[in-house]
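Read through the structure below, which is laid out as structure tokens, and then see the notes.
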């Protein structure tokens, strides 16, 4: 299995933290999010990683070069990283089916324990990581689940679902679902949706290829977009690291 880490974004909402560094190089207790991602993936048997670079990409290259597993990391450049995240996904989409068991698409700005990654890696087929305890406010990406399958993803999916919850920003795609994703990516780019979030591709794909899900509402995690998220991450770090120590 391969992981694709989207780390190209500027992180405007997190300035000044991101003025001169990418979000994934934010240190938490002396360890960056990037190192935490690579350590979690390796612990779960995922050793081949693609990192999509943009803002301060040279810093990420340098940080990876210091690691003993640097040779297993491949870099791709999104030269239009100031546009929508869909272009970062598009940069790496041809690698979704490099492996027979698919690939994990990951946002790079998430703190989580290794147990979360283990659950995703071991889940069958295409699987969205879902926090079923979260509330739908319109800020987070939410999935709607019906008849045991994820059938919608958006900022607001509304009522009428068997289950819904916030996505963590990680999705494991089965190799057989790659052609549908690629088709919709081509269509979205052709329609000029270059400033869109990459979930617009998933919205279309789910219409014909609903996905599975991995529940993680019992685990600590946070996406880091705002100053308050940095403080939240610091507050939950002890719990995350305690779980990792038992992994």
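Values quoted throughout were computed directly from the atomic coordinates according to the rules given, and no laboratory measurement underlies them. What you are looking at is a predicted structure, and each value in this text was computed from that prediction instead of being measured. As a convention, Cβ positions derive from the backbone with ideal geometry for all residues, glycine included, and neighbour counts pool all protein chains shown.
Taking Cα atoms of segment 1-155, Rg/Rh with Kirkwood Rh, to two decimals?
Working: Rg = 15.7 Å, Rh = 16.5 Å.
Rounded to two decimals, Rg/Rh equals 0.95.
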Completion exercise
For the pair residue 74 and residue 155, the simple spin-label estimate (label points 7 Å beyond Cα toward Cβ) gives in nm 3.4
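How long is the gain from residue 99 to residue 135 if the chain were fully straight, where each residue apart is worth 0.36 nm and the alpha carbon distance is subtracted?
Values: separation 36, 0.36 × 36 = 12.96 nm, distance 3.51 nm.
Additional length available on full extension: 9.5 nm.
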Completion exercise
A student asked for the Cα radius of gyration and Dmax of segment 67-211 in angstrom ought to give 15.2, 49
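Determine, for 50, 93, the number of other Cβ atoms within 10 Å of each Cβ, and report the residues in order from fewest to most.
Numbers: 50 19, 93 22.
Lowest to highest Cβ neighbour count: 50, 93.
Report the extension gain between residue 118 and residue 226 in nm, rounded to one decimal, defined as 0.36 nm multiplied by the number of residues separating them, less their alpha carbon distance. Write out the running numbers ahead of the final one.
Details: separation 108, 0.36 × 108 = 38.88 nm, distance 2.70 nm.
Additional length available on full extension: 36.2 nm.
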Handout entry: Length-normalised contact order of the chain in % [C-alpha pairs under 8 Å, at least 6 apart]
Key = 23
Practice task
Treat each spin label as a single point 7 Å out from the Cα along the C-beta direction, and report the residue 189 to residue 208 distance in nm.
Solution key: 1.9
Practice task
Once every Cα of segment 1-91 carries one equal point scatterer and solvent is ignored, give the base-10 log of I(q)/I(0) from the Debye formula at q = 0.13, 0.15, 0.16 Å⁻¹, two decimals.
Solution key: -0.40, -0.54, -0.62
Problem - Pairwise label distance in nanometres, residue 234 with residue 176, each label 7 Å out on the Cα-Cβ vector - result: 4.8
Completion exercise
For residue 20, placing the label point 7 angstrom along Cα-to-beta-carbon and taking segment 40-74, residues whose amide nitrogen sits under 16 Å are 56-60
